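Here the structure comes first, spelled out in structure tokens, and everything after it is commentary.
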Amino acid sequence: MIVVTGANGFIGSAMVWELNQAGVKESIVCDIITPQERPGPLGGRDYKKFLHRDELLDFLRSTKEKVSVIYHMGASSSTTVTDEEFLRVNNTEYTQQLFEWCRDNNAIFIYASSASVYGDGSHGFDDKVKTTSYTPMHAYGWSKANFDIWAEKQKETLNKWYGLRFFNVYGPNEYHKGSMLSVPYKAQKQIEEKGRVKLFKSYHPEYNDGEQKRDFIYVKDITRWMLELANAPKAPSGIYNMGFGRARTWKDLVHSAFHANDREMDIEWIEMPETLKNQYQYLTEADMGKWLKAGLSTPQWSLESGIEDYLRSYLIGGDSYL
């Protein structure tokens, strides 16, 4: 039996889709938002049972079925949340409880960490370096880093465990994320409404407007990798970056969005809010060496092909959900 938490969210619901594609249709899915409250992400998906987040640990402790893998995607993912106590309980301690259950029951544990643990990137983005070398820029980043630090201190376990540091993930099923929606989605809506895309000006002397860089990764690569990881017996336990491995500019992204719409690029440069200036990252780029050394696959979706698939297959025409 496979368990997916955060299953009615972005990456979690995409993982349920990936499992369905692989013929797995009897998983246990878990979230704090029910399919009745948010019908889109799990609509049309096959699974055995939906559990509320608060029911999961009791279910695991009482079930007679063997759990092979827990994909733990359920956590607050907003970088603007400042309630450290909430993040400690919801993001850090709950993940510890699931980790310990998997350790005691010999189940593979795959959880969502975050590239935000790297802070401003001045010390690099190397998943081979201990997490204590990095300084996150906000409370959300610390909630993820604190669990990574705890996990790195655990002694050898019989089961496999993997922490995944997601970089800039975009793709179908993200539509509930509000202010945390990806720029590809926001760009598409702005192109439809105004014919132009707004981008922040640069306030760093080494980066011209639009030349700020991010490591963009399509959600279909993320879910494919997570399935691959659960079936890779030789991949060592530990923390792995989840990015394309090559940073691209905001201009590259916006150009791809306009191309998918068969339009010429038109950008409006806007001022960055003061609240963001001190925690803005001008470069993120995943070091994927550890992942590749473990014998795992390279990404299949370039920025151009990922944007084209996302916009043309989901946002411009057809069903917007996987």
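The number of residues in the stretch 167-209 being part of a helix (DSSP H, G or I), hydrophobic (A, V, I, L, M, F, W, C) and in contact with a helix residue (DSSP H, G or I) (Cβ under 8 Å, 6 or more places away or on another chain) comes to 3.
I'd like to know if the stretch 224-242 contains one or more residues that are farther than 16 Å from Gln300 by Cα, in contact (Cβ under 8 Å) with a residue 40 or more places away in the chain, part of a strand (DSSP E or B) and touching a Phe, Trp or Tyr at 6+ places or on another chain (Cβ under 6 Å). Yes, the stretch 224-242 has at least one match.
Taking the residues in the stretch 245-266 that are aliphatic (A, V, I, L, M) and over 22 Å from the mean Cα position of the chain (by Cα) as candidates, determine which candidate is farthest from Asn168 (Cα to Cα). Top of the filtered list is Met265.
When Tyr310, Tyr282 are screened for being in contact with a His (Cβ under 6 Å, 6 or more places away or on another chain) and surrounded by 15 or more Cβ atoms within 10 Å (Cβ to Cβ), only Tyr282 passes.
The rows are residues; the columns are (1) out of contact with any Asp or Glu (no Cβ under 9 Å at 6 or more places or on another chain); (2) at positive phi.
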residue: Val16; (1), (2): no, no
residue: Gly23; (1), (2): yes, yes
residue: Gln36; (1), (2): yes, no
residue: Arg53; (1), (2): no, no
residue: Asp58; (1), (2): yes, no
residue: Thr63; (1), (2): yes, no
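Here Lys186 meets each of (1) free of Cβ contacts under 8 Å to residues at least 40 places away in the same chain; (2) surrounded by 21 or more Cβ atoms within 10 Å (Cβ to Cβ) with one exception, condition (2). Of the residues making up the stretch 290-314, those that are assigned to a helix (DSSP H, G or I) and out of contact with any Lys or Arg (no Cβ under 8 Å at 6 or more places or on another chain) number 12. Filtered by the rule that a residue be part of a helix (DSSP H, G or I), of a type in the set (Gly, Ala, Ser) and either surrounded by fewer than 18 Cβ atoms within 10 Å (Cβ to Cβ) or in contact with a Cys (Cβ under 8 Å, 6 or more places away or on another chain) (or both), the stretch 110-135 gives a lone residue, Ser133.
Only one entry of Lys220, Lys201 meets the criterion of being at pLDDT 95 or above and over 20 Å from the mean Cα position of the chain (by Cα), and that entry is Lys201. Kindly evaluate Asn208 against the criterion of being within 21 Å of Val169 (Cα to Cα) and modelled with pLDDT of 95 or more. So Asn208 does not fit the description; no. In this entry, Glu268 passes the filter for residues that are on the phi < 0 side of the Ramachandran plot, loosely packed, with under 13 Cβ neighbours inside 10 Å, in contact with a Leu (Cβ under 9 Å, 6 or more places away or on another chain) and not β-branched (Val, Ile, Thr). Wholly within the stretch 1-109, which helices (runs of 4 or more DSSP H) include no fewer than the required count, namely at least 2 residues that are exposed (fewer than 14 other Cβ atoms within 10 Å of the Cβ)? Counting at least 2 such residues, we get 53-62, 84-87, 94-104.
Has the stretch 289-303 got at least one residue that is more than 21 Å from the chain's Cα centre (by Cα), closer than 15 Å to Lys186 by Cβ and not charged (D, E, K, R)?
Applying the first criterion (more than 21 Å from the chain's Cα centre (by Cα)) to the stretch 289-303 yields 293, 295.
Narrowing further to those that are closer than 15 Å to Lys186 by Cβ: none.
No, the stretch 289-303 has no match at all.
Scanning for something part of a loop (DSSP other than H, G, I, E, B), surrounded by 14 or more Cβ atoms within 10 Å (Cβ to Cβ) and in contact with a Phe, Trp or Tyr (Cβ under 8 Å, 6 or more places away or on another chain), does the stretch 151-164 turn up at least one residue? Yes: the stretch 151-164 contains one or more residues that are part of a loop (DSSP other than H, G, I, E, B), surrounded by 14 or more Cβ atoms within 10 Å (Cβ to Cβ) and in contact with a Phe, Trp or Tyr (Cβ under 8 Å, 6 or more places away or on another chain).
The values are calculated or read from the model by the stated rules, or taken from the named source; none is laboratory data. Note that this is a predicted model, so its numbers are computed, not measured. With ideal geometry, Cβ positions are generated from the backbone for all residues, glycine too; neighbour counts draw on all protein chains shown.
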